[in-house]
1. Tell me, in nm to one decimal, what length is gained between residue 78 and residue 7 on full extension, where the rule is 0.36 nm per residue of separation less the Cα-Cα distance?
2. So I have [x] 1.09; [y] 0.99; [z] 0.94, and one of them is Rg/Rh (Cα atoms, Kirkwood Rh) calculated from this model. Which one is it?
3. Pairs of alpha-carbon atoms within less than 8 angstrom and 6+ residues apart define the contacts here; what relative contact order does the chain have, in percent?
């Protein structure tokens, strides 16, 4: 079960990043013809981010304590202190970015350049922070695998 949740978490995160890139491209090329695509990309980005959160929180609460102990007992114990701390703080930053639907749906992007810039900035932030989170998550997973491969008292 934990493997399924972990893979689903990673997939939803990847889909969230891809849909945010799609949204960013549509916003940068905004016109009357792509308004529906902008709305669709906005909804998909938000849904994927929330699914990533829900699955990540479930995994963290139910399964990460084992991984945490493995990391702390290994040579790369700093990963738990620094990388997981960074992931936990970035988590809240991405959560704020899920307000993008309000900007897109109620910000009148066609007429307001300030709202369009805000939507582009938030979407760019989603992509960057999503990629950073993905890399940090891989570091945590890789550290657990490296520690288990060495054997030890665990």
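Readers should treat all values here as calculations from the given coordinates under stated rules, not as data from a laboratory. These numbers come from a predicted model, not from an experiment.
1. Working: separation 71, 0.36 × 71 = 25.56 nm, distance 2.45 nm.
Length gained between residue 78 and residue 7: 23.1 nm.
2. Computing Rg/Rh (Cα atoms, Kirkwood Rh) and matching it to [x] 1.09; [y] 0.99; [z] 0.94 gives [x].
3. Working: 141 pairs, mean separation 50.4, N = 154.
Answer for the chain is 33 percent.
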